[in-house]
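Here the structure is laid out as structure tokens; the discussion comes afterwards.
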Amino acid sequence: MSAKPLAESPLASLLSALPERGELQFPSPLRCLILSEESLAAIFDVFREFFGEGYRSLLYNLGHAIGHRFAVEASGDPRKRFQELADVDALAGWGRYELVELDLENRRARVVVRNALAVEIARRIRSDCCDFTRGYFAGIFEQIFQVPCICEELECAYYGSEACVFEIRSE
Ligand SMILES: [Zn+2]
């Protein structure tokens, strides 16, 4: 798989650059930021240094708050809704999510994440970072299921699995 020039990516139609203002919007008019994996690794590493093992809870809560805010704007069919969110995240560089199970009646879902940025960060700082993604999916599915949710990671690419696998269920 080869990298495409930005102009050929769907991202180009969603991204607006305002260089004279030092501003980037994705999607317009929502201001956004390009953050390298090295910068994100530095942030997560500082969290870890400051909070010790508590940093995992911090990452979970951070992911949860972001997922909850991100998903609130979406509406419609749950599967389509998740796919729209996954597509935006893929364009933004977070990795590829696949919804492999969705049980609306029992409010359970399973998501496979390939090429996760969180795993890349984990390799850089030599510490598991998927608690961020766990919290993120809990926040997203709380919006989709409209009940408080918890998320467990069943397999993790940081520990050698082919992908990270997350299970989300109502609390
Ligand atoms: Zn993982």
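Just wondering, is there one or more residues in the stretch 25-33 that are among the basic types (Lys, Arg) and either within 17 Å of Arg123 (Cβ to Cβ) or part of a strand (DSSP E or B) (or both)? Yes - at least one qualifying residue is present in the stretch 25-33. Collect the residues in the stretch 112-171 that are among the acidic types (Asp, Glu) and either within 13 Å of the ligand (Cβ to nearest atom) or in a strand (DSSP E or B) (or both), keeping them in residue-number order. If the condition is that a residue be among the acidic types (Asp, Glu) and either within 13 Å of the ligand (Cβ to nearest atom) or in a strand (DSSP E or B) (or both), then Glu120, Asp128, Asp131, Glu152, Glu153, Glu155, Glu162, Glu167 are the ones that fit. Looking at the stretch 64-77, can you tell me whether even one residue there is at pLDDT below 95, assigned to a helix (DSSP H, G or I), in the same structural domain as Ile125 (by TED's automatic domain parsing) and of a type in the set (Asp, Glu)? No, because not a single residue in the stretch 64-77 is at pLDDT below 95, assigned to a helix (DSSP H, G or I), in the same structural domain as Ile125 (by TED's automatic domain parsing) and of a type in the set (Asp, Glu).
The values are calculated or read from the model by the stated rules, or taken from the named source; none is laboratory data. All values reported here derive from a predicted model rather than from experimental measurement. Note that each Cβ is placed from the backbone with ideal geometry, even for glycine, and that neighbours are counted across all protein chains shown.
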